[in-house]
Amino acid sequence: MVYLSLDDGAMVHERFWIIVGHFNIPFSGVFYYPWVIVGMLLVLIVAAVYIKFFFRLPIRTRWLLLLSGVLFLSGAIGVEMYTSYIMDSSGKGVSALIIGLEETLEIIGVTTLTYTILDYISRLSVESRSVTIEVNGS
């Protein structure tokens with residue numbers, strides 16, 4: 001989450017153009033913004049590393065975590081690829097509505113992730129406070 005905040009604020013992925021520009025590779029269509037290729041690769045790597053952890057989570061937490069990831073990535077990569085297609089095919093800028101949709105999906109994804117983490121912690125603390133009372137009848 002820290003990286004995502006830094007990336008959004010410092011526009012790290014937008015600076016990817018500087019690196020790619022040296023190679024003179026023509027990117028077009030949905031890959032007009034080439035950082036989405038790197039983004040998808042990073043998502044696959046993170047998913048591969050955390051797959052065991054993911055399946056050991058309680059089912060509620062697992063589904064909420066999956067939902068938060070889908071929401072965030074739909075905005076960060078999905079809408080960005082649509083924007084890439086528009087930019088490449090028309091050469092015109094995208095509307096504020098599309099940019100707003102991208103940012104909204106990202107924010108809802110991060111908010112859902114925050115809720116998921118807090119929900120998981122609260123469920124752990126409730127389980128650890130369980131008390132067993134034994135009654136011996138005489």
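The values are calculated or read from the model by the stated rules, or taken from the named source; none is laboratory data. Small disclaimer: the values here were computed from a predicted structure and weren't measured. Note that we place each Cβ from the backbone using ideal geometry, even for glycine, and neighbour counts take in every protein chain shown.
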Take the stretch 58-78 and flag every residue that is among the aromatic types (Phe, Trp, Tyr) and modelled with pLDDT of 95 or more.
-> Trp63
Being more than 14 Å from Gly109 (Cα to Cα), surrounded by 16 or more Cβ atoms within 10 Å (Cβ to Cβ), at pLDDT below 95 and within 14 Å of the chain's Cα centre (by Cα), is that true of even one residue in the stretch 41-57?
-> no
Residues of the stretch 39-62 satisfying the condition of being closer than 22 Å to Tyr120 by Cβ, touching a residue at least 24 places away in the same chain (Cβ under 8 Å) and assigned to a helix (DSSP H, G or I) | Val43, Arg60, Thr61
Every listed condition ((1) modelled with pLDDT of 95 or more; (2) not in a helix (DSSP H, G or I)) holds for Thr112 save (2)
